[in-house]
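**Student:** Got a structure for you, questions after.
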Amino acid sequence: MKGVRMSKPVVGILMGSDSDLPVMQEAVAMLQEFGVDYEMTVASAHRTPKKVLEYSVGAEKRGIKVIIAGAGWAAHLAGVIASHTTLPVIGVPIDSSPLRGLDALLATAQMPGGVPVATMSIGKPGAKNAGVFAAQIIATSDVKIANRLKVFRVEMEREVEEKAKRLLAISAAPAMKEHPVAEAGAPAKKKSRRRRWKKKSGGAAPVQGPAA
Ligand code: RP5
């Protein structure tokens, strides 16, 4: 993948391979939503260590304020970047290996004291949060972006309320059983242990109390 660069990027997005792009695209979408300028390229801690070093050392001087690093497998990318810069580094563990990102999560999160990586959750939601989190950092000195983040929260709240209203309407309707959410809903109520015992023995169930 060729590097992508906006006019005055303040967030740098690095990923270990172009195969990580479908996940990291979520971070890009968030930065675009909040109007944060970013640049993006492929750099691998293992395959192109010199590029990672050069990028990390030069980023601050070029005006980058936050670095997002996404990698899969033994994901050392975010940690290696963090070791070369004091810029905040956000790590996204990518679910590209047979271990479905658990390896990348541990490799990204388990940094030794003194060299932090703000580790997001595995995969697309993590990449999305990386974009939001980077915007939140930039927003500490940019009121326009701060306001967009506030609008984003309000919209999220409204969406959840709409979902709740839809669910209420479904549960009130007679055809509720046909709705997939309702069908997959609460399992049939289990009889209590006390009632089951009573039925089996034909007598009163024992009442649990302190041992004599
Ligand atoms: C990691 O290895 C990359 O971040 C990617 O998730 C994974 C696989 O890379 P490719 O073999 O697809 O290039 O370094």
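The values are calculated or read from the model by the stated rules, or taken from the named source; none is laboratory data. The model shown is predicted, which means the values in this text are computed figures rather than measured ones. Only protein heavy atoms, including side chains, enter the accessible area calculation; ligands, DNA and RNA are left aside. Shrake-Rupley method; radii C 1.70, N 1.55, O 1.52, S 1.80 Å.
**Student:** More than 15 Å apart: what percent of Cα pairs in region 1-58 qualify?
**Tutor:** 49
**Student:** Also, I was wondering about something else. If you take all C-alpha pairs in region 1-127, what percent of them are over 18 Å apart?
**Tutor:** Distances greater than 18 Å cover 45 percent of the Cα pairs.
**Student:** Please go through the residue pairs K61/K128; K8/K65; K51/K128; K61/K150 and name each one whose alpha carbons sit more than 23 Å apart in this structure.
**Tutor:** In this structure, K61/K128; K51/K128; K61/K150 exceed 23 Å between Cα atoms.
**Student:** How much area per residue is accessible in region 1-45 when the probe is 1.4 Å and only protein heavy atoms are counted (Å²)?
**Tutor:** Ligands and nucleic acids excluded, the result is 41 Å² per residue.
**Student:** Related question: How large is ³J(HN,Hα), in whole Hz, for each residue of region 126-133 in order, when computed from phi with the Karplus curve 6.51 cos²θ - 1.76 cosθ + 1.60 and θ = phi - 60°, using x for Gly and Pro?
**Tutor:** Computed from phi, the couplings for region 126-133 are x, 5, 4, 5, 4, x, 5, 5 Hz.
**Student:** Extension gain H46-V115, at 0.36 nm per residue separation less the Cα-Cα distance, in nm?
**Tutor:** Here the segment from H46 to V115 would lengthen by 22.9 nm.
**Student:** What are the ³J(HN,Hα) values, in whole Hz, obtained from phi via the Karplus relation 6.51 cos²θ - 1.76 cosθ + 1.60 with θ = phi - 60°, for each residue of region 79-93 in sequence order, with x given for Gly and Pro?
**Tutor:** x, 5, 4, 4, 6, 10, 8, 9, 5, x, 10, 10, x, 10, x
**Student:** Collect residues whose amide H, placed 1.01 Å from N in the peptide plane, falls under 5 Å from the amide H of K65; neighbours closer than 5 in sequence don't count.
**Tutor:** V11, G12
**Student:** Can you give me the C-alpha center-to-center distance between region 100-173 and region 59-88, rounded to a whole angstrom?
**Tutor:** One Cα centre to the other: 19 Å.
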